[in-house]
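Note sheet for the following structure.
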Amino acid sequence: MDINAKSLLDKLNIEHSLTVDEYEYLLNHVDDELMEAAAEYARAYQDKYYGNKVFTRGLIEFTNFCRNNCYYCGIRRENHNCERYRLSKKQILECADAGYELGFRTIVLQGGEDFAFSDEDICDIVSGIRAAHEDMVVTLSIGERSRESYEKYYEAGARRYLLRHETANPALYAKLHPAELSWENRMRCLRDLKEIGYQVGAGFMVESPGQTNYDLAMDLKFIEEFKPDMCGIGPFISHKETPFAKEASGTLNTTLFCLSLIRIIYPQVLLPATTALGTIDPRGREKGIQAGANVVMPNLSPVSVRRMYTLYDNKICTGEEAAECRGCLEQRMSTIGYEIVVDPGNRAGLVQ
Ligand code: SAH
């Protein structure tokens, strides 16, 4: 283990802050021993704030229509081989009911940027879920909208919003997205969401095409400064019908190391072990939890549509055999000594 890297890790563990250059140094000098040292610090915070409890969010992927054309994403507008679907309000409410029965106390409604769902429709769905289950927290993950729209959803009862920043470097953002999308607007959305009072989830893809360790270091600095309540990260995984079809996917080790560093940077943060991590390694999600993550997001979408929400190739949990993701994850977590709980899963220390 590089001694300077170890002393930077120790400094991070005390000060919860490093410069971008220092984060980059850590990423450039990572080896098995440094990873293990970071995971140990990370697990100490995980234990302090969450014990062996793992929070869940039930994910409902309610539409794969998207007006955007992100170069990495399998449901991009110009993927004409993508079979499109939309769930009806009734279907969405049924998924939420089923989720409640299974023990979920928070639902994430995620989709492509599908303006066939008007603000009114979204508000109607949010308030419908809230009316049926008053202790269900509704999270939206429907991309970039106006501040006014975000305010309406909040009034309808949505309390969390996931919008990954994707990368903290505007120059890399421009290489991953067409010119019609801007890093500035993404950041504007995140600021608006926070100001309105949402619990906000940001996050980034690990080892996306063209990403350097300096870029990743900028992401870590962004998390340190913006302090989102949740930080969703996962490896970039190529999708065969996108311009990045031939790009290499991100690796398990870099993702795990970033998870540990994020836990150390912001000890109370909600940190999911994502489906993408479970896709690149059969025990990716378990390893993510052991690196410091404390959230899993089982799929609650109807099995008939799951294979159509393919953001990347070989996505797990899309077949008949995976219908009941919660039970499967409960079992997986118990093999590593963790327990999935029935809980809305607020960030430790959240003032509501
Ligand atoms: N339209 C919503 C939801 C996007 S999908 C929004 O814009 O927020 C959710 C996340 O999946 C994205 O934020 C992105 O980080 C991730 N994602 C998309 N394509 C991916 C790929 N090929 N590999 C890994 N992650 C991907």
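The table below lists the values:
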item: Residue list for region 96-110, filter: open to solvent by less than 10 Å² (accessible area, probe 1.4 Å) and either at negative phi or among the β-branched types (Val, Ile, Thr) (or both); result: Ala96, Gly99, Phe104, Thr106, Ile107, Val108, Leu109
item: Some residue of region 260-274 being modelled with pLDDT of 95 or more and within 13 Å of the ligand (Cβ to nearest atom); result: yes
item: Members of region 206-219 that are open to solvent by less than 20 Å² (accessible area, probe 1.4 Å) and within 12 Å of the ligand (Cβ to nearest atom); result: Val206, Ser208, Pro209, Asp219
item: Residue list for region 239-252, restricted to those being more than 16 Å from the chain's Cα centre (by Cα) and open to solvent by less than 20 Å² (accessible area, probe 1.4 Å); result: His239, Thr242
item: Leading residue by the ranking (farthest from the ligand (Cβ to nearest atom)) among those in region 155-167 that are open to solvent by 10 Å² or more (accessible area, probe 1.4 Å) and among the hydrophobic types (A, V, I, L, M, F, W, C); result: Ala156
item: Hey, Gly292 surrounded by 23 or more Cβ atoms within 10 Å (Cβ to Cβ), at positive phi and not hydrophobic (A, V, I, L, M, F, W, C) or not; result: yes
item: The listed residue being in a helix (DSSP H, G or I), touching a strand residue (DSSP E or B) at 6+ places or on another chain (Cβ under 7 Å) and open to solvent by 50 Å² or more (accessible area, probe 1.4 Å), out of Lys175, Lys152, Lys194; result: Lys194
item: Residue check, Ile336 more than 24 Å from Leu109 (Cβ to Cβ), crowded, with 18+ Cβ neighbours inside 10 Å and not acidic (Asp, Glu); result: no
item: Members of region 220-240 that are near the ligand (Cβ under 10 Å from one of its atoms) and either out of contact with any Ser or Thr (no Cβ under 8 Å at 6 or more places or on another chain) or free of Cβ contacts under 8 Å to residues at least 40 places away in the same chain (or both); result: none
item: Contacts under 7 angstrom Cβ, first residue in region 109-131 being aliphatic (A, V, I, L, M), partner assigned to a loop (DSSP other than H, G, I, E, B) and away from the ligand (no atom under 12 Å from the Cβ), 6 or more apart; result: Val126/Gly157; Ile129/Met136
item: Criterion violated by Gly128 - all others in (1) of a type in the set (Gly, Ala, Ser); (2) part of a helix (DSSP H, G or I); (3) over 18 Å from Leu109 (Cβ atoms) satisfied; result: (3)
item: Flag if Leu102 is over 29 Å from Gly288 (Cα atoms), in contact (Cβ under 8 Å) with a residue 24 or more places away in the chain, more than 14 Å from the ligand (Cβ to nearest atom) and of a type in the set (A, V, I, L, M, F, W, C); result: no
item: Residues within region 134-149 that are farther than 18 Å from Arg67 by Cα, assigned to a loop (DSSP other than H, G, I, E, B) and open to solvent by 10 Å² or more (accessible area, probe 1.4 Å), tallied; result: 2
item: Whichever residue in region 19-33 is charged (D, E, K, R) and open to solvent by less than 70 Å² (accessible area, probe 1.4 Å) and, among such residues, is farthest from Lys6 (Cα to Cα); result: Glu24
item: Subset tally (residues that are closer than 30 Å to Pro344 by Cα and more than 16 Å from the ligand (Cβ to nearest atom)) for region 44-91; result: 17
item: Hey, Cys82 over 22 Å from the mean Cα position of the chain (by Cα) and buried (at least 19 other Cβ atoms within 10 Å of the Cβ) or not; result: yes
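The values are calculated or read from the model by the stated rules, or taken from the named source; none is laboratory data. Since the model is a prediction, treat every value here as computed from it, not as a measurement. Please note: Cβ atoms are built from the backbone with ideal geometry, for glycine as well, and neighbour counts cover all protein chains shown. What goes into the accessible areas is simple: the full protein's heavy atoms, side chains included, and nothing from ligands, DNA or RNA. Shrake-Rupley method; radii C 1.70, N 1.55, O 1.52, S 1.80 Å.
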